[in-house]
Amino acid sequence: MVLFAGIMIYAASDLPYRGDPDNLMHAEESITGTTVMGNYFIKNAYRDARTPNMVTVVLGDYRSIDTFGEQVVIYTAGLITLLVLRRSRRRSE
Amino acid sequence: MRDQFQSPIVLLGARLLSPYIMVFGWYVIFHGHYSPGGGFQGGALLAASLLLIRVAGGSKLAELQIQEFATTPLAVIGVVIYFATGLVAMIMGGYFLDYAQLPIPGMEADWLRYTGILIIEVGIGLAVMAILVMIYDNMARGEDYG
């Protein structure tokens, strides 16, 4: 356990600083040559949706189908509690 | 719940706290454009305010707030608000969930996206609130029959 924690701390010491503009995730192009989408979101979120909170724009607009999937997951979980926990009533009758 | 333990102090505390938690939940949903928050968090807060009354006051008192059969339709309405927003945008000629195509007159594309995000956040909040209350109701009711 201590060894594992030591390995994790050693690995975390090599992470880049937060907010450093020279980080790889803030570059226009990734190492493999594809464009980084986060750059577009940061630049155009306010222009596209007039919303200062960038996270809301990404969650509700750019990635809205993912959010819809999350909502359906929660809805399915609720329906499963309905099916599983209500079943004992029918058995006792 | 079978063995009801009535305590006026707990009930009074819950009655004092519950409306403020509910107002804060609506604030988190509708202020999600400007501050951290959104549908999921606000819905969880609304459910917390309802569950506080349910835990403290029992099912008799909770029937006055949201009845047990009403939670499943509310969850369906929440999901349908989200899906219908996307479907209307698709019917009006855009992509699925492309809010710029929503048929609200007199608004530019960016303000339409603003409104679309608000509509789906309300849908998410409604669904999350109804489902958390539904889970609690099912657990309490399943305990009675088990």
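Rank these for me by crowding, A:D61, A:D48, going from fewest to most other beta carbons within 10 Å.
Least crowded to most crowded, the residues run A:D48, A:D61.
Calculate the mean, over all residues of peptide B:18-27, of how many other protein chain Cβ atoms lie within 10 angstrom of the residue's Cβ. Let's see the in-between values first.
Working: counts 0, 0, 0, 0, 0, 0, 0, 0, 0, 0.
Rounded to a whole number, the mean comes out at 0.
Give the peptides B:135-141, A:15-21, A:78-84 in descending order of average Cβ contacts within 10 Å, highest first. Each step should come with its number before you reach the end.
Working: B:135-141: 18.4, A:15-21: 7.9, A:78-84: 15.1.
Output ranking for B:135-141, A:15-21, A:78-84: B:135-141, A:78-84, A:15-21.
Quick one: the Cα spread of chain B along its three principal axes, in angstroms, biggest first?
Extents along the principal axes: 57, 32, 21 Å.
Across peptide B:52-58, what mean number of C-beta atoms from other chains lies inside 10 Å of a residue's C-beta?
So the per-residue partner count for this stretch is 0.
Can you give the Kirkwood hydrodynamic radius of the protein assembly as shown from its Cα pairs, in Å with one decimal? Don't jump to the answer; show the numbers that get you there.
Numbers: mean 1/r = 0.0481 Å⁻¹.
The Cα-based Kirkwood calculation yields 20.8 Å.
Hey, can you list the DSSP H helices of chain B whose Cα span along the axis is 18 Å or longer and whose average Kyte-Doolittle score is at least 1.0? All intermediate terms of the calculation are to be shown ahead of the outcome.
Values: long enough: B:8-30 (34 Å, 1.64); B:39-62 (29 Å, 1.16); B:71-91 (29 Å, 2.01); B:109-145 (53 Å, 0.83).
TM-like helix candidates: B:8-30, B:39-62, B:71-91.
For the range B:8-145, what relative contact order do you get, as a whole percent, if you take Cα pairs closer than 8 Å and at least 6 residues apart?
29
Using alpha carbon centroids, what distance separates the range B:27-75 and the range A:1-61, in Å?
After rounding, the separation between the Cα centres reads 33 Å.
If the range A:18-59 were replaced by its equivalent ellipsoid, with semi-axes equal to the square roots of 5 times the Cα gyration tensor eigenvalues, what would those be, largest first, whole Å?
Largest first, the range A:18-59 gives 22, 12, 8 Å.
What ranking do B:L87, A:L3 get, fewest neighbouring Cβ atoms within 10 angstrom at the top?
Lowest to highest Cβ neighbour count: A:L3, B:L87.
Given the alpha-carbon gyration tensor of chain A, what are the semi-axes of its equivalent ellipsoid in whole angstrom, ordered largest first, with each equal to the square root of 5 times an eigenvalue?
40, 27, 11
Summarise the partner chain shielding of A:68-81 as one whole number: the mean count of Cβ atoms from other chains within 10 Å of each residue's Cβ.
Mean number of neighbouring Cβ atoms from other chains: 6.
Sorted from fewest to most neighbouring beta carbons within 10 Å, what does the list B:D98, A:D66, A:D22 look like?
Lowest count first: A:D22, A:D66, B:D98.
The numbers here are math on the coordinates, done by the rules we state, and not lab data. What you are looking at is a predicted structure, and each value in this text was computed from that prediction instead of being measured. Quick reminder, even Gly has a Cβ in these numbers, built from the backbone with ideal geometry, and neighbours come from all protein chains shown.
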